[in-house]
1. Buried (at least 24 other Cβ atoms within 10 Å of the Cβ) and either assigned by TED's automatic domain parsing to the domain that holds Lys56 or more than 19 Å from the chain's Cα centre (by Cα) (or both), is that true of Ile181?
2. With the requirement that a residue be away from the ligand (no atom under 12 Å from the Cβ), among the aliphatic types (A, V, I, L, M) and in contact with a Leu (Cβ under 6 Å, 6 or more places away or on another chain), what does the stretch 54-100 give you?
3. Within the stretch 135-151, is even one residue more than 17 Å from Cys281 (Cα to Cα), small (Gly, Ala, Ser) and within 16 Å of the ligand (Cβ to nearest atom)?
4. Among (1) more than 23 Å from Thr10 (Cβ to Cβ); (2) assigned to a strand (DSSP E or B); (3) touching a Ser or Thr at 6+ places or on another chain (Cβ under 9 Å), where does Lys137 come up short?
5. So which of Asn330, Asn282 ends up being within 29 Å of Ser71 (Cβ to Cβ) and either assigned by TED's automatic domain parsing to the domain that holds Ile141 or touching a residue at least 24 places away in the same chain (Cβ under 8 Å) (or both)?
6. Out of curiosity, is Gly224 away from the ligand (no atom under 13 Å from the Cβ) and modelled with pLDDT under 95?
7. Mind checking which pairs have a first residue in the stretch 56-70 that is of a type in the set (S, T, N, Q) and a second that is in a strand (DSSP E or B) and modelled with pLDDT of 95 or more, Cβ under 7 Å, 6 or more apart or different chains?
8. For the subset of the stretch 97-120 comprising residues that are closer than 24 Å to Ala9 by Cα and touching a helix residue (DSSP H, G or I) at 6+ places or on another chain (Cβ under 8 Å), which member is surrounded by the fewest Cβ atoms within 10 Å (Cβ to Cβ)?
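The values are calculated or read from the model by the stated rules, or taken from the named source; none is laboratory data. Quantities reported herein were computed from a predicted structural model and do not represent experimental measurements. Here Cβ is always computed from backbone atoms with ideal geometry, including for glycine, and neighbour counts include all displayed protein chains.
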Amino acid sequence: MKIYLDNGATTKVDNKVVEAMLPFFEEKYGNASSLHIFGQEAYKSLDGARKTIAAKLNAQSEEIIFTSGGSEANNLAIKGIINREDHIITVKTEHPSVLNTIKELEKQGVETTYLNVTKEGYIDFNELIASFKENTKLVSIMHANNEIGVIQDIRKVYNLCKKKKIIFHTDAVQSFGKAYISSEDADLISISAHKIHGPKGVGTLYVKKGIRLKPQIFGGDQEGKQRAGTENIPGIVGFAKATELITEKEIKQMESLRDYFINELLKIKDTKLNGPRERLCNNINISFKYIEGEAILTLLDFEGIAVSTGSACSSKSLEPSHVLKALNLNQKEIHGTIRFTISKFTTKEELDYSIDKIKMVVEKLRKISPLRGDKDVYR
Ligand SMILES: Cc1ncc(COP(=O)(O)O)c(C=O)c1O
């Protein structure tokens, strides 16, 4: 049995997506900028895909810039707006593609405020308001967090920013296709195809009409002169197909499986749910006290169950997750944390099998844990 519960890291490409992409490798392989029939065919498909993704965001086609994924979209949104003299507001729990981009800008003198979060992961609006400065140019706050699934009230953030004439960017890589988001929620929105059963290496930055970005890749005139490079037509077509396939029914199904899984896992002694109950439909993040996440991951892997200890990016290092640290969890709780992320393909049978194996693994590890019973270590 092989069970994939790491859909926050990436997802299986839907067969229908693969089918839609194939002709663009073998027959319709033109460059969308070429004038001949091959080019025209490619351009038509590119245009169609742009319309599909724009429609999903209630936006216009010209507001969609295709990128190589979520990381590039985040880089473009931030570096495309910020100048040396500006101030940017972000949150401590953002994805590294936002945090590390901002760190680079700080080296050039850009001023930054990192907002704190509550113990469930929400921003504090009073802190946000108090952080606005004369030179605040951009606020970048993610829609749904990749580790703990908390969903921020970005519409409220956007309204506050609009009043101050501050540009608002949101990283919607985890939420697109799982929670409602539209062009009414932000000026700039980052999305990635591989989190919604599309291919890797393709994404979008939605850019509200009237906002001009400083390009980060120079070259040809593609993507409204804001992002040079021959468009990845198979990837973009696959991205649009994956977007078309999103259904409310599957979101509801994930929500119900998520709640079932959470309730069953919390029946295990000394467990704690990280992030709020009302959360992203596919995210479950649990601390199993007194044991190490890496050991849980390895033993579950032996049983054919794929999970993650933090976000995919940090899971290869033993550095405690910056998101869990921001929630004020103590080191020992952080170390026993596992992220389970389901998808539209996850079944109840898979979860039941996983629950049995998780119980077995946790019990086994606790038996040999030197920390077991020494509760003072944790509080
Ligand atoms: C919240 C968030 N933002 C950005 C990214 C980066 O997206 P990509 O892998 O397409 O570069 C990820 C991927 O893990 C993510 O979870």
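1. Here the answer is yes, as Ile181 does meet what is asked.
2. Selection gives Ile65, Ile81, Ile82, Ile88.
3. Yes, some residue in the stretch 135-151 is more than 17 Å from Cys281 (Cα to Cα), small (Gly, Ala, Ser) and within 16 Å of the ligand (Cβ to nearest atom).
4. Every listed condition holds for Lys137 apart from (3).
5. Residue meeting the stated conditions: Asn282.
6. Judged against the criteria, Gly224 is a match.
7. Thr67/Gly203; Thr67/Thr204; Thr67/Leu205; Ser68/Gly203
8. The selected residue is Leu99.
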